[in-house]
Amino acid sequence: MSLVHTVAGTVGGVATMIAVAPLDHIVFRMQHEKVDVNRSTWDWIVDVIKNDGLKGIYKHAGSGIIREIVVRSVWEMTYNPLRAMYKKHVNDFIGPHAGLIIGFAAGVAVTVAVTPLSTIHLTIQKRSPDEPHRGFVGTAIDLYKEGGIENLFRGLSVGLVLCINPAVTFA
């Protein structure tokens, strides 16, 4: 594993998250608020900026950035070393079957690491504007108090099934 690859992947992921966070926020609002079908995405952006200021389009982006840092770091620290170990101990050529297994294993590591962060991020996003903003740590504590550690891992089993996607992508 190269620290350079890990840092580069993480920085790239965070830069991407910063670039798309406003759209992520707008999509979330469009999906969860009453929608006038005649309103364009631009209308939504202007509305958010008018009501919440420029920082409004980055509302809740912090938890998404934290999640992205973990996703990219865990992927780089899992996928590349597994490939290197396979090449060193099994075969220098990585065929499609081995590629699927390596990609799936890296996907599982990422999913286990990121599921609690995704749960926290989505919980923060879906809070009504009337509820006090508890922040990342406060929301994590609330979720734990409501249902224990299992509450932070809601959706893990489905997420593990979805690990086939990165496996196929990187095979």
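The values are calculated or read from the model by the stated rules, or taken from the named source; none is laboratory data. Every value quoted in this text rests on a predicted model; they were computed, and no experiment measured them. As a convention, Cβ positions derive from the backbone with ideal geometry for all residues, glycine included, and neighbour counts pool all protein chains shown. Keep in mind that these areas ignore ligands, DNA and RNA; they rest on the heavy atoms of the full protein, side chains included. Shrake-Rupley method; radii C 1.70, N 1.55, O 1.52, S 1.80 Å.
Just the residues that are open to solvent by less than 90 Å² (accessible area, probe 1.4 Å) and either acidic (D, E) or at pLDDT below 90 (or both), please, taken from the stretch 136-158.
Matches in the stretch 136-158: F136, D142.
Would you mind finding the one in I101, I164 that is out of contact with any helix residue (DSSP H, G or I) (no Cβ under 6 Å at 6 or more places or on another chain), in contact (Cβ under 8 Å) with a residue 24 or more places away in the chain and surrounded by 15 or more Cβ atoms within 10 Å (Cβ to Cβ)?
The unique qualifying residue is I101.
(1) closer than 30 Å to A84 by Cα; (2) out of contact with any helix residue (DSSP H, G or I) (no Cβ under 8 Å at 6 or more places or on another chain): which one isn't true of E150, the others all being true?
Unmet for E150, out of (1) closer than 30 Å to A84 by Cα; (2) out of contact with any helix residue (DSSP H, G or I) (no Cβ under 8 Å at 6 or more places or on another chain): (1).
Looking at the structure I just gave you, is H32 in contact (Cβ under 8 Å) with a residue 40 or more places away in the chain and loosely packed, with under 12 Cβ neighbours inside 10 Å?
yes
Restricting the search to the stretch 75-98, which residues are of a type outside the set (A, V, I, L, M, F, W, C), open to solvent by less than 30 Å² (accessible area, probe 1.4 Å) and more than 19 Å from T10 (Cβ to Cβ)?
Selection gives G95 alone.
Only one of these is among the hydrophobic types (A, V, I, L, M, F, W, C) and over 30 Å from S128 (Cβ atoms): L23, L54, L100. Name it.
Criteria check complete, one pass: L100.
Are any of the residues in the stretch 128-135 among the hydroxyl-bearing types (S, T, Y), more than 17 Å from the chain's Cα centre (by Cα), within 22 Å of H25 (Cα to Cα) and open to solvent by 40 Å² or more (accessible area, probe 1.4 Å)?
yes
Would you mind finding the one in Y79, Y86, Y58 that is of a type in the set (F, W, Y) and modelled with pLDDT under 85? Spell out the reasoning first.
Details: Y79 fails: modelled with pLDDT under 85; Y86 fails: modelled with pLDDT under 85.
Only one candidate qualifies: Y58.
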